[in-house]
Every structure is written in structure tokens, then in C-alpha cells.
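See below for the structure under consideration.
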Amino acid sequence: MDEIRRTLPRPALPRRGLLGLGAGAAAGLLPAGARAQARRPVPPPPAARKGQVVVGISQEPTVFNPLMPGIEVDETVWMNVFGTLWYPTPEGELVADLAREVPSVANGGISEDGLAWTVTLREGVVWHDGAPFTAEDVRYSLELINNPSFRARTRVGHSLVREIVVKGPHEIAWRMEKAFAPYLALMANTYIVPKHVLGAAADPNSAPFNSSPVGTGPFRWDRRVPGDHIQLVANDKYHGAGPYLERAILKYVPDQTALYAQFRTGSVDAIIGTGIPANFFAEAQRLPGRRVATSPNASLEVLMPNLEHPALADKAVRKALYAGMNKKGIIDVIFYGMHKPTESFAPQESWAYNPGLPAHRYDLAEANRILDGAGWARGSGGVRQKNGVPLEFAVSTTTGAALREQVQQLLMQDWGKIGVSMKINNMPAAVIWGDFYVRSKFQMLMVGTAFRTGIDPDPATRFASDAIPVRGGSGGNYMQWVSPEADRLLAEGQSSFDQERRKAIYFRLQEIAREELPILPIYQYATAEGTKDTLIGFRPNVNARQNTWNMREWYWAS
């Protein structure tokens, strides 16, 4: 490991850029060689399956039952071993997979009131063990998710399902307790499991299936070497096009610098997920025989204030803190220009994204004026206070996140100039993302997260007043934001299947959030990923949690 680090030293952070802001990287651009390669004619897929791909990831997948709690990297396995009724494309379209078509009000699959759903399934699909896939598997999967004794990954949306009826081997229907438009998106991330395998287990939570999964996906489970890799092999009975590869090896290398070194030397063919470290991105773009670019991600980096904190509860304070944040310096210098600044909680690729929100402006003088006008007067040591409440709080994030720690230092420096006493209270991931996070014990967090339901723009689980866990709610409103207007709009957005109406609703919600600042948005993530330039078919998908979503389409040009 030390030898790797000597071979690949980390470039120094250009600190002078924080003063002049002249050191932004041109993120998202392909190098000239890759652009030229991209213009060449693309060879067709091979007539017979050929070769293998080694995909480098920085975490080890460990949860192989796709209905159980896991982390994002586990989906590199789920999305290739299992199938969903439909899946999202990079453009946000839902495409039928195990279903024959995506149900809608227009095609009669969803009733006008949004309560009755009917899904016709694809015929001829078989599980990896040869058993036929039927509507019984879909019913079993939905009932298992809602079984209180099963450790389900999520029951959001699924808990509304009632009266499941199997109308035939390839048709299933159910009723919803209430109209819930985001359920289409949730089902795009709900993998179907085999009733004949998992249903025969004494306890689905500890079934042998969970370590040797059987699915309908383009690749079959082969073997796992703990601490090193997982091998998948082509499913010869796959119902769709492909796969064109014989094997896929998911190789995990926890150290991101070491993983990049293996991509640089060619030991791994593709590097995805956490990807190429920002400080190696410019170098990676110049590597011969590689195609490297940034991939959009729906998650945002935000500062999340606890609105029950006596100082942060004041909107004027949040507005001043936002004006006093050197967002351009954070993105262009600390993160080498990779990420995209944003004013919204919605990803910029979403049909619900509002591009007309006020642009952030870094202005310490304006921040001071806001606080002066709101009655926050400077006291001893220059720290402001109001009604005996000092303007001081701690910002927390994960211990060891070096670039975030640099952001904290920059915030502390700038906010000190407007009379804020900011402290740093970082802790290990296992601690900070436990009760400290979900029980709102923080004062302010620096966190990366998404504010939507699957690929649906509905942010109710993050913003609704009944989604505050510490107040008995169910959801992720850890900021404890309460807005009656937002609550009304969130309910309307969930109940309507009219996209234009929903778009107007979410545009207004973004305006409210930009004004109230229950979160202080910094940037939308962009991940630097790369492949060998002879690997065909890799396509980033902002609507998939991992960019192995279409590995069935990958093949080698030669």
C-alpha cells in the first residue's frame, strides 16, 4: 500500500485558489483522444458471448437479498442478478422488464383515481434454476416486504398495497390505500425474488438464498471471494438482449488511491461508484486507452441545520450563513471543479427541476447586513448574540473525510468574519449516521443525500412534518422543518398522476425551500468514472444507484 502511494502521490490542494478562485477543473469533458474515439463507428455486439469485464469498486457488497437493507454498492449485484417489473433509463423513462408494459392511467393499468393497479407480466421468463417466473413471485415479493417479521429494506409505498390478486400466471392486480404516484418509481427499484426458493425457507431473514441468490437477471451468481471479488456469469436463459460478456468480476479495493492505480495499470477495466478521486481526475483524462468523464448523481452535498437549535431556527441566520458560504471556492478548488453548484433539492436532470431559483452569491457584507437587521449584535470576542442566545454551533461530518474537513475549515474562517462561532464535531460513520443523525442530535451536519423517492421527484420523506422521527414521524426530515404550505403541496404531489400539475407543485416547493433554507445546498454530485476505451456500452444513469445498470449491454470492441 505504501508503495502504491509512493508511485501515485496525491497532488497538493491548490490553496491559493481559495483566494483568487482561479483553479477550477474542466469537469465532465472528455479528453481529445476519447472524443475522437467516441466519434468512430461503434462495432456491433459479438454474435456469441465473449470475454469478461473486471469492474473496480471501493466497497465490498455483502447483502445479496435485494429486499433486505443494504448499501448502494450492493446494487451492483442486485441489478444484474435480479429483475424489476420496469427500470429507469438515463432520460428518466420507465421501460418494462418483467412486465410487458408500464401501467398508466392512459393504458388502463392504473385507474383514474390511482387506486387500482393491474400489471401484465412478460411470458417465457425463467429463474436461473429453470423454474418459470409467474405472478405468484410478484405477489410473494410484495407480501414479504410487508411481513412485519421480515427485515425489509423499505416499506415506503409498499405499505399502501392492499388486496393483491393473481388473475393468472402472468397477470396481477392490487389496490392502493390511497393514490400514491411515486409508487411507479419505487417499483422500478423493487427486485422480484423467487417464491419457490425463498418461500420454502424456514426464515427468509437467514435463508441460504441470501448468500447464494437466484434471480431472473442477465447474470447468474457464481462465487464470492470475501475481501477480494464477486464473480457473475452470463445467464444463457435471459429474456432480453445480451448479455454479451461471459463473466463479470466485481473487484473491491477499499483504498480509492489503490483502486485508481489498478485502473491506471489496466488491472481493472472499469472504475465506478465512488470512482476516481477528484485530485486524480485531470490525470485520468489524459491516460491513453481510457475513456474518463464525470457521471451525474442525484445526491446533493448539503449543510443540514437542526431547526430546533435556538440560533439556527432563525431564517435570517440561515440566509446569512448561506451568503457567507464560499460555494465557488468549495467546488472549484477543494473538489477540483468536478461537482455542479445547485440551489435546489431536485437533481438538475429531473423533469421537476426548477432552473429559475435565485442564484447564490458569496457576499460577506450582505451576510453581516442580514444579521444586523435581524437583531444579532456582536458581543465579546466578536460573536453575535440575540436575546441571550449566542450565534454558535457545531458542524459535524464523517471522521477522516479529508476534503469535507477542508470545507469545514473554510466555513469556520468565513463565518467567523460575520460573527459566528463555529466548532467542528466529527465522528466515525457508524456513530454519526446512527441516532446522532436519525434522532436529530446534531446541530448542523455536512451530508450527502438525495431528496426524492426512487427516481420520482417527491421529497415528502425528507420535508413533510410527519416525517420527523424525533417527533414520532416516519421519514428523513432530520432537520425538523415544519411548513404548512410545503405539507399541503407534498400531499398534492403524491396524489396526482398528472406530470404537468406535479411539475408546478415541485417548482413551488423548490421556491419555498430556497427561501426558507431548511437545507443549505452546496452542490450536486458528479462522480469521475472511467473504462478502457474498447469497452462498449457503458452509459451513466443518474436514475440508477450504480452505473452497472446496463452491464448486459457491455462488450469488447476487439
(message) Looking only at residues that are surrounded by fewer than 24 Cβ atoms within 10 Å (Cβ to Cβ) and of a type in the set (Gly, Ala, Ser) in the stretch 65-93, which one is nearest to residue 210 (Cα to Cα)?
(response) 70
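If I filter the stretch 218-237 down to residues being touching a His at 6+ places or on another chain (Cβ under 8 Å) and not in a strand (DSSP E or B), which single residue comes out as surrounded by the fewest Cβ atoms within 10 Å (Cβ to Cβ)? It would help to see each step written out before you state the result.
Going residue by residue through the stretch 218-237, those that are touching a His at 6+ places or on another chain (Cβ under 8 Å) are 220-221, 235, 237.
Restricting the remaining residues to those that are not in a strand (DSSP E or B) gives 235, 237.
Working: 235: 23, 237: 14.
Per the stated criteria, the residue is 237.
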(request) Being more than 29 Å from residue 437 (Cβ to Cβ) and either part of a helix (DSSP H, G or I) or free of Cβ contacts under 8 Å to residues at least 24 places away in the same chain (or both) is the filter here, so list the residues in the stretch 259-286 that pass it. (result) 260, 261, 262, 263, 264, 265, 280, 281, 282, 283, 284, 285
(request) Of the numbered conditions (1) within 29 Å of the chain's Cα centre (by Cα); (2) not in a loop (DSSP other than H, G, I, E, B), residue 163 fails exactly one; give the number of that condition. (result) (1)
(request) Go through the stretch 348-402 and give me each residue that's closer than 19 Å to residue 328 by Cα, among the aliphatic types (A, V, I, L, M) and surrounded by 15 or more Cβ atoms within 10 Å (Cβ to Cβ). (result) 357, 364, 367
(request) Given the conditions (1) assigned to a helix (DSSP H, G or I); (2) aliphatic (A, V, I, L, M); (3) modelled with pLDDT under 95; (4) crowded, with 19+ Cβ neighbours inside 10 Å, report the number of the one that residue 197 does not fulfil. (result) (3)
(message) Take the conditions crowded, with 23+ Cβ neighbours inside 10 Å, under 14 Å from residue 523 (Cβ atoms) and β-branched (Val, Ile, Thr) and apply them to residue 333. Does it pass?
(response) yes
(request) Please specify each residue of the stretch 333-352 satisfying the condition of being of a type in the set (Gly, Ala, Ser) and at pLDDT below 95. (result) 337, 350
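Pull up the stretch 250-276, narrow it to residues that are under 17 Å from residue 221 (Cα atoms) and not hydroxyl-bearing (Ser, Thr, Tyr), then point me to the one that is surrounded by the fewest Cβ atoms within 10 Å (Cβ to Cβ). If you could, list the steps in order and put the result at the bottom.
Of the residues in the stretch 250-276, the ones under 17 Å from residue 221 (Cα atoms) are 250-252.
Next, only the ones that are not hydroxyl-bearing (Ser, Thr, Tyr) stay: 250-251.
Values: 250: 24, 251: 20.
Looking at the filtered set, the residue picked out is 251.
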(message) Looking at the stretch 292-300, can you tell me whether even one residue there is assigned to a loop (DSSP other than H, G, I, E, B) and touching a residue at least 60 places away in the same chain (Cβ under 8 Å)?
(response) no
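Return the only residue of 307, 303 being outside any helix (DSSP H, G or I), under 24 Å from residue 402 (Cα atoms), modelled with pLDDT of 95 or more and not hydroxyl-bearing (Ser, Thr, Tyr).
Numbers: 307 fails: under 24 Å from residue 402 (Cα atoms).
Exactly one residue qualifies, and that residue is 303.
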(request) Report yes if some residue within the stretch 238-249 is crowded, with 19+ Cβ neighbours inside 10 Å, of a type in the set (A, V, I, L, M) and within 30 Å of residue 499 (Cβ to Cβ); otherwise report no. (result) no
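Quick grid of which residues meet (1) surrounded by fewer than 17 Cβ atoms within 10 Å (Cβ to Cβ); (2) touching a helix residue (DSSP H, G or I) at 6+ places or on another chain (Cβ under 8 Å); (3) modelled with pLDDT of 95 or more:
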{"position": "446", "(1), (2), (3)": "no, yes, yes"}
{"position": "479", "(1), (2), (3)": "no, no, yes"}
{"position": "489", "(1), (2), (3)": "no, yes, yes"}
{"position": "507", "(1), (2), (3)": "no, no, yes"}
{"position": "521", "(1), (2), (3)": "no, no, yes"}
{"position": "524", "(1), (2), (3)": "no, no, yes"}
{"position": "541", "(1), (2), (3)": "no, no, no"}
{"position": "550", "(1), (2), (3)": "no, no, yes"}
{"position": "555", "(1), (2), (3)": "no, no, yes"}
(request) Identify, from the list 136, 91, 143, the residue that is more than 29 Å from the chain's Cα centre (by Cα) and either free of Cβ contacts under 8 Å to residues at least 40 places away in the same chain or not assigned by TED's automatic domain parsing to the domain that holds residue 474 (or both). (result) 136
(message) I need every pair where a residue in the stretch 366-378 that is in the same structural domain as residue 324 (by TED's automatic domain parsing) and among the β-branched types (Val, Ile, Thr) has its Cβ under 9 Å from the Cβ of a residue that is at pLDDT 95 or above and not in a helix (DSSP H, G or I), sequence separation at least 6 or different chains.
(response) 370/376; 370/418
(message) For the stretch 418-432, give me each residue that is within 22 Å of the chain's Cα centre (by Cα) and under 15 Å from residue 305 (Cα atoms).
(response) 432
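The values are calculated or read from the model by the stated rules, or taken from the named source; none is laboratory data. Bear in mind the structure is a predicted one, so any value in this text is a computation, not a measurement. All Cβ positions, glycine included, derive from the backbone under ideal geometry; neighbour counts span all protein chains shown.
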